[in-house]
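Here is the structure we will look at, set down as structure tokens.
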Amino acid sequence: MVLLLPAIIDNSPRLHQPLLLIQSSTAQSSLPILRRFILNCINVNNKAQGRTLLFCLLYPPASLLEGPASLHERLQVVDRIGCVPGYSDNWSDPQDQILSCVETASNGPLNVIVDSVDTLSSDLGSVSQTYAFLQKLISLIRARSDQSRLILHLLTPSLLTPLLVQPSFSTSLIHVTAHPLVLLTHLATTYLTPPPPVTPVAKFWATFLPFSVRSYESDRLVFGPGGEGCGGNAEMVVEVLVRGGINGPGRRRVVERTLEGWNDGACELTALESLKCVWIRKAVDEPTSDPTKHASFNLSLTPSQQQSRAQVPLPYAHEGRPQETSSNASIGAIFYDPDSADDIDDDDPDEDLDI
């Protein structure tokens, strides 16, 4: 199977969409994926990516970049970590600053990354106002080059996610969601539904999707009793949703959903070390237990008892041979001694009736 994540990160024309949503949760962060997106955008060997605008509202630039931001000539970083309404003297409306940076950006492909829109909504104090602002922002992106895109980092649960995935906001999009590995192992052991191809695709998604949208289930598996917590495992499961089809001749509107692995880069699920228990069926080393082991009486036979039992002739057992008959054997007959009250006269069987 061809992986979608590498082509999405490289902004391949085949999978280019103007809107890209990268979603994290309390149980699993998608920061490694977001860092790889940013690194690919500012790669000097990738001239087709143009410029990148990074607006940091949740994580500081050092958490998203490898090295100082000033070393990346194709990257403009707007750090608003210290701009908190009600707590900062230098507070200003982030909408005007973001729109101004996008409108004054040089011609060519442009990547606009907002981390995160939930923090932006908290600063603005209104979900509807944030949604209206993002509509203006994506309109500016669509008006630019075909390779321009808007990359939004969201958190789970988020009030903006149901609004941004609607076709009314963008008919085509790519939605990347990070899930903890324990989610798949739990489905495989508790619901007997391991990932495809072990389980049919329709059956797996019918079980996985309702369970994955309930964020408290993942939090319970990670942080609850017996959970390993987060941060100790570099591997994760990535759900990739592509809506809008693949660009090219004969393209059509489709929705494609798949699961891929991540371990310092995109990989197959079968390549994840933590999911080996899902694919390999454990062999049973213990012998089959004897049901008569703990009985209060002995049901087994000694060798001499088995030999004596085998020598006992079985009645009516002819071993498949017909029964031998002698020439002087008497033919079977039925003898009947009539009772005194019996009427064996066949002339008139109703003569004893008084009619």
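Looking at Pro94, is it at pLDDT 85 or above and crowded, with 18+ Cβ neighbours inside 10 Å?
yes
Which one of these is surrounded by 19 or more Cβ atoms within 10 Å (Cβ to Cβ) and either within 23 Å of Glu235 (Cα to Cα) or modelled with pLDDT of 90 or more (or both): Leu39, Leu34, Leu75, Leu15?
On the way: Leu39 fails: surrounded by 19 or more Cβ atoms within 10 Å (Cβ to Cβ); Leu75 fails: either within 23 Å of Glu235 (Cα to Cα) or modelled with pLDDT of 90 or more (or both); Leu15 fails: either within 23 Å of Glu235 (Cα to Cα) or modelled with pLDDT of 90 or more (or both).
When all the criteria are applied, what remains is Leu34.
If we keep just the residues of segment 163-201 that are within 21 Å of Leu34 (Cα to Cα), under 13 Å from the mean Cα position of the chain (by Cα) and not β-branched (Val, Ile, Thr), which is surrounded by the most Cβ atoms within 10 Å (Cβ to Cβ)?
Filtering segment 163-201 for residues that are within 21 Å of Leu34 (Cα to Cα), under 13 Å from the mean Cα position of the chain (by Cα) and not β-branched (Val, Ile, Thr), the one surrounded by the most Cβ atoms within 10 Å (Cβ to Cβ) comes out as Pro180.
Asn90 passes all but one of (1) part of a loop (DSSP other than H, G, I, E, B); (2) in contact (Cβ under 8 Å) with a residue 40 or more places away in the chain; which number fails?
Going through (1) part of a loop (DSSP other than H, G, I, E, B); (2) in contact (Cβ under 8 Å) with a residue 40 or more places away in the chain one by one, Asn90 breaks only (2).
Pairs please, first residue from segment 286-299 and loosely packed, with under 10 Cβ neighbours inside 10 Å, second anywhere and at pLDDT below 75, Cβ atoms under 8 Å, 6+ apart in sequence or on different chains.
Note: pairs meeting the criteria are Leu299/Thr292.
Any residue in segment 70-81 that is closer than 18 Å to Leu120 by Cβ sitting within a Cβ distance under 6 Å of a residue that is in a loop (DSSP other than H, G, I, E, B) and at pLDDT 90 or above? List the pairs, counting only those 6 or more apart or interchain.
Close Cβ pairs (under 6 Å, with a partner that is in a loop (DSSP other than H, G, I, E, B) and at pLDDT 90 or above) amount to Arg80/Leu57; Ile81/Pro60.
So which residues in segment 242-257 are buried (at least 17 other Cβ atoms within 10 Å of the Cβ) and either modelled with pLDDT of 85 or more or touching a Gly at 6+ places or on another chain (Cβ under 6 Å) (or both), if there are any at all?
Listed by number, the residues that qualify are Val242, Arg243.
Could you list all residues from segment 176-194 that are touching a residue at least 12 places away in the same chain (Cβ under 8 Å) and of a type in the set (A, V, I, L, M)?
Val176, Ala178, Leu181, Val182, Leu183, Leu184, Leu187, Ala188
The values are calculated or read from the model by the stated rules, or taken from the named source; none is laboratory data. If you're wondering where the values come from, they're calculated on a predicted model, not measured in any experiment. Positions of Cβ are generated from backbone atoms using ideal geometry, with glycine treated the same way; all protein chains shown enter the neighbour counts.
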